[in-house]
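Presented below is the structure to which this report refers.
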Amino acid sequence: MHHDRAQLVPANAETIARGADILRRGGLVAFPTETVYGLGVHALDREAVRRLFAAKGRPATDPLIVHVASLDAAAPLLRRIPDEARRLAARFWPGPLTLVMPRSALVPDEVTAGLDTVAIRVPVHPVARALLETAAIPIAAPSANLFSRPSPTQASHVMDDLAASIDLVIDGGPTTVGIESTVLDLCASPPAILRPGAVTPDLLRDVVVSTRKPTSAEAPVGKADADAPLRSPGLLERHYSPRAPLTLYEGRDALEALARDARAAADAGQQVAVVIGDEDWMRLAEELVAVRVVQLGSSEDPAAVAARLYAVLRELDAAGIDLILVHAFVPAEGLGVAIRDRLRRAAAGRIVS
Ligand code: TXA
Ligand code: MG
């Protein structure tokens, strides 16, 4: 089944049927979801799951999300379905929310990295849904990037990273959300956000704690503030990083510090890119000579910022930039929490505040 190079095909009924067939037979198929492109594999086929880890260069200690068509379809994979899962599914599925729940013996250890929990998600993207319905199997799918590269938001990103090692890439155009799903651990008490995403703490709070008031010691989903430690195994690794070192500028004088450092690096002969908000541009226009300026969007439109973020990081790498300086211009609230989380990971500790 494996070709020298993945075939890139447009999403239609015929290619979805082909993708479903390849998945059922143990192959690797990349497909769009509303968040990022996933690299799919038959979740119950251990050998196929091992090939997937090898293709991504992903450590076996980092568990995968299993995608299904509905909560009912996940039932055989679960030891029990937590009450919160039913309420959350009714409100947010299909959509960019992943729930960590107690797993059944049916789920291979390869998928969960040996944990007794499994992460489940019901995507809303029509191509992902059609693939799940046609294949009629649970599909384990991490983001379809090489380990530690930014997640792919376009089919071309998948080809750049994985063309040599997978079977098929189904092109459904750019993804709309642009950053990975919210991961909520329902095995923690109270439920804990392991990875912030488009289903924000405020949205979750409506459902998860609607039956009782949390005490301040519990601070259930409030834990997801940008500084909270994240407990998901895969989140211990450096993630989402472009090749060029990225420095994140946060806080009150961030923009001035960024402009100063950008000028100094450009004067020293480095290829510098600054990533700023639309509003920043007005303030900086004259200061940034000999510096590549990327306007990521408006601080008032975090959804547009999230949608463009990874593509911008990949573009700057492709352009051979030496140094990326990013202004944290989106307030860390709502979707801004997830944007800040991804930028901090991309910065891997290089944060000026
Ligand atoms: O939006 C998304 O979630 C995308 C699309 C393709 O669905 N997928 C994605 O998968 O981002 P991946 O593998 O790149 O990230 C999965 C995250 C990792 O941080 C992993 O550690 C966590 O989910 N995870 C998976 N299973 C888990 C478990 N049983 N317990 C805790 N965390 C888990
Ligand atoms: Mg990933």
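The values are calculated or read from the model by the stated rules, or taken from the named source; none is laboratory data. Bear in mind that the values here come from a model prediction, so they are computed numbers and not experimental data. Methodologically, a virtual Cβ is constructed for each residue, glycine included, from the backbone with ideal geometry; neighbour enumeration extends over all protein chains shown. Note: areas computed on protein heavy atoms with side chains; ligands, DNA, RNA excluded. Shrake-Rupley method; radii C 1.70, N 1.55, O 1.52, S 1.80 Å.
Some notes on this structure:
- With all protein chains modelled, accessible area of Met282 [1.4 Å, Å²]: 150
- With a 1.4 Å probe rolled over the protein heavy atoms of all chains, the accessible area of Leu97, Leu44 falls in the order Leu44, Leu97, largest first.
- Counted charge near Gln7, where neighbours are those whose Cβ lies closer than 14 Å (Asp, Glu -1; Lys, Arg +1): -3
- Share, in percent, of DSSP beta bridges within the chain that are antiparallel, nearest 5: 40
- Cα-based Rg and Dmax for the chain, where Dmax is the largest Cα-Cα distance (Å): 20.4, 62
- Linear extension gain, Ala164 paired with Arg87, 0.36 nm per residue minus alpha-carbon span: 23.6 nm
- Local net charge near Gly114, Cβ-Cβ under 12 Å (Lys/Arg +1, Asp/Glu -1): -3
- In this structure, the amide hydrogen of Leu8, modeled 1.01 Å from its nitrogen in the peptide plane, lies closer than 5 angstrom to those of Val169, counting only residues at least 5 positions away or on a different chain.
- Ordering of 26-38, 195-207, 9-21 by packing [mean C-beta count within 10 Å, highest first]: 26-38, 195-207, 9-21
- What the Cβ-Cβ distance of Ser70 and Ala268 gives, at R0 = 41 Å and to the nearest 0.05, is a FRET efficiency of 0.15.
- Taking a Cβ cut-off of under 13 Å around Ala290, the surrounding Lys, Arg, Asp and Glu residues balance to a net charge of -2, with basic ones at +1 and acidic ones at -1.
- Distance between the modelled labels on Val9 and Ser298, one decimal in nanometres: 4.2 nm (7 Å Cα→Cβ projection).
- Accessible area per residue in Å² at 1.4 Å probe, computed on the chain: 41
- Karplus-derived HN-Hα couplings along the range 256-263 (A = 6.51, B = -1.76, C = 1.60, θ = phi - 60°), whole Hz, x at Gly and Pro: 5, 5, 4, 4, 4, 5, 5, 4
- Farthest toward positive dipole pole in the chain [+1 Lys/Arg, -1 Asp/Glu at C-beta], among Leu313, Leu194, Leu64: Leu64
- Anisotropy class of the range 246-352 from Cα gyration tensor, a/c 1.5 cut: prolate
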